[in-house]
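Where a number appears in this text, it was derived from the coordinates with a stated rule and is not lab data. If you're wondering where the values come from, they're calculated on a predicted model, not measured in any experiment. Cβ placement follows ideal geometry from the backbone for every residue including glycine, while neighbour counts extend to all protein chains displayed.
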Amino acid sequence: MKIDANKVIEERLAACMGLDKYVVIMHQVMEVDVSKDAVFQRRFNSFYMVRRNAAWRKVYYELFESMKSKPATFAEIITTLYEQTGNVEASFSSKMLATLYPDKPLWDRHVVRNLRLHLTGRTKQKQLENAIELYAKIEKWYGDFLSTSDAKECLAVFDRALPRYTSISDVKKIDFFLWSIR
């Protein structure tokens, strides 16, 4: 018996990070009607831990599908979700945007904490405004970081350890690092 240690390490690391699930979501998003495709929704809900009721998910996936046919922004998505649900959904807005545009970063509690950012605002309207400002800061951080030698080293390590996933965007690779730092 021969053991391919690199392959075993890559497969286990990819499974731990959910890379196969992510790749399936990214391949399917433009191929299916996300507002109607229950399989896609289950995969997305599982990967991104969407724990909302059916009425909220209906609004979310209908908006998601509508955003596929036009240029979308974080501000537009989060504002529309706020208007339709009454909730400031920074994380789920970013997940929708990053699924449509893989070069867009995620807003995740671990990512935001690692970047030392905090959502503020006494009213939901102020939280909405602050979320839009913070997302712009996250985008700026990624833009700045990706030009550094640290980023280049992170990307090189990712690509060496996970050669089957080199096609994932650089932003998403850094997302996986930030998400993994607990």
Computed [θ] at 222 nm, deg cm²/dmol, the chain (DSSP H ≥ 4; -39,500 (n - 2.57); rounded to nearest 500): -21000 deg cm²/dmol
For segment 64-103 and segment 105-182, compute the distance between their C-alpha centroids and round to whole Å. 17 Å
What translational diffusion coefficient, to the nearest whole µm²/s, does segment 50-138 have by Stokes-Einstein, given a Kirkwood radius computed over alpha-carbon pairs, a temperature of 25 °C and 0.890 mPa s viscosity? 185 µm²/s
Rough spin-label spacing in nm, given labels placed 7 Å along Cα→Cβ, for GLU11 and ARG109: 3.3 nm
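Explain nothing, just the number: relative contact order of the chain, from Cα pairs under 8 Å at least 6 residues apart, as a whole percent.
Normalised by residue count, the contact order of the chain is 21 percent.
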Output needed for the chain: three equivalent-ellipsoid semi-axes, defined as square roots of 5 times the C-alpha gyration tensor eigenvalues, in descending order, whole Å. 29, 21, 14
Which of the lysines could be linked to LYS152 by a straight reach, that is with a Cα gap under 19 Å, when you skip same-chain ones fewer than 8 residues away? LYS104, LYS140, LYS172, LYS173
Could you check the simple spin-label distance between ASP20 and THR166, using points 7 Å along Cα→Cβ, in nm with one decimal? 2.2 nm
